[in-house]
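Participant: This is the structure, below, for whatever I ask next.
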Amino acid sequence: MKAMVIHAYGGPEVLRLEEIPRPEPKENEVLVRVIAAGVNPADPLIVSGKYAKEFGTHLPLIPGYDIAGVVEKTGSKITKLKVGDSVYGYVLWGGGWAEFTIATEGEVALKPKSLTFTDAASVPLAALTAWQALIDVAHLGAGQTVLIHGGSGGVGSMAIQIAKARGAKVIATASTPNQDLLKELGADLAIDYTKTKFEEMAKDVDVVLDPVGHDTLERSYAVVKKGGFIATLVSRLDQEKMEAHGIRGASIAVKPNAEELAEITKLIEAKKIKAVVTQVLPLTEAVKALQQAATHHTRGKMVLRVAEDPKS
Ligand SMILES: NC(=O)c1ccc[n+]([C@@H]2O[C@H](COP(=O)([O-])OP(=O)(O)OC[C@H]3O[C@@H](n4cnc5c(N)ncnc54)[C@H](OP(=O)(O)O)[C@@H]3O)[C@@H](O)[C@H]2O)c1
């Protein structure tokens with residue numbers, strides 16, 4: 001099979017398109033014929049070797065953590081999936097930038113019928129991150145107000161829609177060209193962070209979702225009401241500042257979760273969540289995708305096309 005492989009950590013140029021043997025699923029795994037694979041800002045970091053110690057990545061490595069495709073083969077202990085099922089998911093150990101990859105039943109769910117494989121591949125990691133941050137950890141409830149930084153990015157665009165589906169009031173930030181997207185996704189108040197300090201418009205919020213860090217996180221403690229919550233995707237939280245403001249918080253580390261993905265599927269089928277794919281590149285242009293992912297200014301999601309999308 002064809003796969004994008006790295007043999008040495010480094011910049012995007014270390015990616016090589018190679019012909020390698022298909023992986024063989026173990027008893028608790030399925031082999032998925034990949035049709036499309038998502039791109040995430042973590043990909044250039046993984047390729048650079050930043051996570052080698054932290055998460056135990058090792059070489060050679062095939063990136064690709066978001067996949068949509070068709071089950072080609074099942075291990076003997078697989079009970080929920082069968083050959084021919086269309087699936088999508090976040091695969092913890094990557095391998096998605098290839099014609100075939102391995103997944104477990106805990107990582108993939110049936111693909112929403114209303115989405116193409118290309119759109120489906122954009123959803124899992126970003127939507128699960130937003131779900132786990134807002135629902136599992138921050139317990140965002142109906143009627144509460146959430147401030148979502150980076151609302152036009154991969155996670156932010158899912159977070160706005162999940163929060164709205166939850167019945168929350170959404171304040172979201174992005175730069176000038178992305179104000180339209182914030183509104184289109186359902187934000188009640190869109191803030192252009194290049195023109196206005198968010199703290200001038202967002203006060204006493206129940207929850208902050210922070211995918212940006214640095215100064216954005218620093219200034220976020222003061223906009224959360226007493227008893228409120230900050231969920232950050234990119235930083236450690238300052239315990240003293242949280243205590244001073246009487247708030248709580250957590251640093252999020254997204255995990256694959258097929259049950260939660262099935263809940264997300266229901267929201268997609270109910271038209272409460274849509275995929276926001278702004279760029280589709282062939283697998284052979286994965287280097288370009290890594291360069292774009294590293295900018296932290298992607299609008300919605302980027303997807304790599306691995307095979308023709310059968311539109312089902
Ligand atoms: N901890 C975890 O488990 C986890 C999971 C997923 C992602 N992450 C991390 O979370 C971050 C976001 O991921 P993503 O997939 O959403 O990234 P992304 O698709 O690159 O989106 C980033 C968004 O942030 C916006 N942005 C940049 N600077 C900003 C600022 N100062 N204020 C407000 N918005 C700003 C950008 O909008 P403009 O272009 O309009 O500026 C862009 O839409 C990445 O660093 C990623 O690695 C962590």
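Participant: Can you tell me which residues in the stretch 218-251 are in a strand (DSSP E or B), more than 10 Å from the ligand (Cβ to nearest atom) and within 22 Å of H296 (Cα to Cα)?
Facilitator: So the first thing to find is which residues in the stretch 218-251 are in a strand (DSSP E or B), and the list is 224-232, 248-251.
Filter again for more than 10 Å from the ligand (Cβ to nearest atom), leaving 224-230, 248-250.
Of everything in the stretch 218-251, those that are in a strand (DSSP E or B), more than 10 Å from the ligand (Cβ to nearest atom) and within 22 Å of H296 (Cα to Cα) turn out to be I230, A250.
Participant: Mind telling me which of the residues A258, A289, A262, A253 ends up being among the small types (G, A, S) and touching a helix residue (DSSP H, G or I) at 6+ places or on another chain (Cβ under 8 Å)?
Facilitator: That would be A289, the only listed residue that is among the small types (G, A, S) and touching a helix residue (DSSP H, G or I) at 6+ places or on another chain (Cβ under 8 Å).
Participant: Could you count how many residues in the stretch 141-160 are surrounded by 24 or more Cβ atoms within 10 Å (Cβ to Cβ) and on the phi > 0 side of the Ramachandran plot? Spell out the reasoning first.
Facilitator: Our first condition is that a residue be surrounded by 24 or more Cβ atoms within 10 Å (Cβ to Cβ); within the stretch 141-160, this holds for 146-160.
With on the phi > 0 side of the Ramachandran plot added as a condition, the list becomes 150.
Counting residues in the stretch 141-160 that are surrounded by 24 or more Cβ atoms within 10 Å (Cβ to Cβ) and on the phi > 0 side of the Ramachandran plot gives 1.
Participant: Could I ask something else about it? Exactly one condition in (1) outside any loop (DSSP other than H, G, I, E, B); (2) under 30 Å from V87 (Cβ atoms); (3) of a type in the set (D, E, K, R) is not met by R299; state its number.
Facilitator: All conditions are met except number (1).
Participant: May I pose another question? Given the residues A258, A294, A270, A262, which is the only one that is away from the ligand (no atom under 11 Å from the Cβ), surrounded by 15 or more Cβ atoms within 10 Å (Cβ to Cβ) and among the small types (G, A, S)?
Facilitator: Testing whether each residue is away from the ligand (no atom under 11 Å from the Cβ), surrounded by 15 or more Cβ atoms within 10 Å (Cβ to Cβ) and among the small types (G, A, S) leaves just A258.
Participant: Taking the stated definitions as given, is G89 within 16 Å of the ligand (Cβ to nearest atom), under 20 Å from V70 (Cβ atoms) and crowded, with 24+ Cβ neighbours inside 10 Å? Quick ask: steps written out before the conclusion?
Facilitator: Working: within 16 Å of the ligand (Cβ to nearest atom): yes; under 20 Å from V70 (Cβ atoms): yes; crowded, with 24+ Cβ neighbours inside 10 Å: yes.
Answer is yes for this residue.
Participant: Still on this model: Could you tell me which of the residues G89, G96 is at pLDDT 95 or above, in a loop (DSSP other than H, G, I, E, B) and not assigned by TED's automatic domain parsing to the domain that holds A130? Reasoning before the result, please.
Facilitator: Details: G89 fails: in a loop (DSSP other than H, G, I, E, B).
So the residue among G89, G96 that is at pLDDT 95 or above, in a loop (DSSP other than H, G, I, E, B) and not assigned by TED's automatic domain parsing to the domain that holds A130 is G96.
Participant: While we're here: Take D215 and tell me if it is more than 8 Å from the ligand (Cβ to nearest atom) and either basic (K, R) or farther than 24 Å from L261 by Cβ (or both). Spell out how you get there, then give the answer.
Facilitator: Numbers: more than 8 Å from the ligand (Cβ to nearest atom): no; either basic (K, R) or farther than 24 Å from L261 by Cβ (or both): yes.
Judged against the criteria, D215 is not a match.
Participant: Could you tell me whether any residue of the stretch 170-177 is closer than 18 Å to A275 by Cα, in contact (Cβ under 8 Å) with a residue 12 or more places away in the chain and polar (S, T, N, Q)?
Facilitator: No: zero hits.
Participant: For the stretch 202-212, give me each residue that is near the ligand (Cβ under 9 Å from one of its atoms) and surrounded by fewer than 23 Cβ atoms within 10 Å (Cβ to Cβ).
Facilitator: Kept after step one, since they are near the ligand (Cβ under 9 Å from one of its atoms), are these residues of the stretch 202-212: 210-212.
The answer is V212, and nothing else.
Participant: Among (1) in contact (Cβ under 8 Å) with a residue 24 or more places away in the chain; (2) surrounded by 13 or more Cβ atoms within 10 Å (Cβ to Cβ); (3) in contact with a helix residue (DSSP H, G or I) (Cβ under 8 Å, 6 or more places away or on another chain), there is one condition T278 misses while meeting the rest; what is its number?
Facilitator: All conditions pass for T278, except number (3).
Participant: Which pairs do you get when a residue that is farther than 22 Å from Q144 by Cβ and assigned by TED's automatic domain parsing to the domain that holds A174, found in the stretch 186-197, comes within reach of a residue that is among the β-branched types (V, I, T) and exposed (fewer than 15 other Cβ atoms within 10 Å of the Cβ), reach meaning Cβ atoms under 6 angstrom, with the pair 6+ apart or on two chains?
Facilitator: The qualifying pairs are D192/T176; T194/T176.
Participant: Let me confirm something: among G38, G69, which residue is within 15 Å of the ligand (Cβ to nearest atom) and within 20 Å of the chain's Cα centre (by Cα)? First the steps, then the outcome.
Facilitator: On the way: G69 fails: within 15 Å of the ligand (Cβ to nearest atom).
From the options G38, G69, the qualifying one is G38.
Participant: Further question: What number of residues within the stretch 16-70 are without any contact (Cβ under 8 Å) to a residue 40 or more places away in the chain, buried (at least 17 other Cβ atoms within 10 Å of the Cβ) and more than 25 Å from G300 (Cα to Cα)?
Facilitator: 1
The values are calculated or read from the model by the stated rules, or taken from the named source; none is laboratory data. In this text the structure is predicted, and so the values were computed from the model without any measurement. When we count neighbours, we look across all protein chains shown, and the Cβ atoms used for this are built from the backbone with ideal geometry, even at glycine.
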